[in-house]
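The values are calculated or read from the model by the stated rules, or taken from the named source; none is laboratory data. Computed from a predicted model, the values in this text were never measured in an experiment. Reconstructed Cβ throughout: ideal geometry from the backbone, glycine too, with neighbour counts over all protein chains shown. Surface accessibility is based on the protein's heavy atoms, side chains included, excluding ligands, DNA and RNA. Shrake-Rupley method; radii C 1.70, N 1.55, O 1.52, S 1.80 Å.
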Amino acid sequence: MNIRKTIFDDGFQSYLTEGAEMVGNPGIPMLMDLKNMQIPRSMIPFGKANSCDSKRHYVHFYSHDKEFSRVLTATSYYLDLMKQFDGVITPDCSILIGQSRCLQQANTYMNRAVGFYFQRHGIPVIPNVRWGDESTFDFCFLGVPTNSIVSISTHGCIKSKELRMIFKSGLVAMLDILYPTDILVHGYMPDDIFSEYMERARFHRYASEFEKTHTKGGA
């Protein structure tokens, strides 16, 4: 009897995590604790990566998920492009308050999986850390090495008093769990959120694209 071999479409891109350690109950890929990353001299959004002349940037994904979804579904296609830059910040896949927990975990998974794949191919990678409310704290920090550099973004996350409180609680949790040496902050750094924690890590602020286009002089 002839047995037909069926080839399944790997929609989750399992090749991204070949060789990765899976951690925590959800099985989040653990990023490698490599020392080839540096504090970025500047960041550039993924949407401008193809058109910029200078490659002395870290590529970030602090934009709407639909603007970088193709990197999640066809990661290998963008490998050569990412290799041209100083490094990459892992994708900022949304973790929304009230979002399905399984989707929040899947987005955390893809953040780390893409980062691991780029690491495995020699690209300096800084993990972007994204959280929702306290219900996400048991998984949203998984897969990030301790005592290292991390990146966060306040853009769109501190628009109201409630959101500021949620963001601040996540910042404290991240400091307590990951003990980062350096924190890259994409977007504004209001004193009421950050001032009391400035001695717990070295903070480095980077203006968002919104700031650059809406603030006089691009400050």
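Things to note:
- For segment 103-219: accessible area per residue (Å², 1.4 Å): 43
- Computed over protein heavy atoms with a 1.4 Å probe, the carbon and sulfur contribution to the accessible area of segment 27-78 reaches 52%.
- Global form of segment 84-219, assessed from the alpha-carbon gyration tensor, a/c cut-off 1.5: rounded
- Distance (nanometres) between label positions extended 7 Å along Cα→Cβ at SER14 and THR73: 2.1
- Burial ranking of peptide ranges 18-25, 30-37, 136-143, 184-191 (average Cβ count within 10 Å, highest at the top): 136-143, 184-191, 30-37, 18-25
- Over 28 Å apart at the Cα level, from the set LYS48/LYS161; LYS83/LYS212; LYS55/LYS212; LYS161/LYS212; LYS83/LYS161; LYS48/LYS168, are LYS48/LYS161; LYS83/LYS161; LYS48/LYS168.
- Per-peptide packing, taken as the mean over residues of other Cβ atoms within 10 Å, places 83-91, 116-124, 97-105 in the sequence 83-91, 116-124, 97-105 from highest down.
- Helical contribution to [θ] at 222 nm, DSSP H n ≥ 4, -39,500 (n - 2.57), averaged over the chain, rounded to 500: -7500 deg cm²/dmol
- Radius of gyration, Dmax [segment 168-209; alpha carbons; angstrom]: 10.1, 30
- Positive contributions from Lys and Arg (+1) and negative ones from Asp and Glu (-1), summed over other residues with Cβ under 13 Å from the Cβ of SER94, come out at -1.
- Counted over the chain, the DSSP beta bridges are approximately 10% antiparallel.
- Charge dipole magnitude, Cβ of K and R +1, D and E -1 - segment 149-208, Cα centre, debye nearest 20: 180
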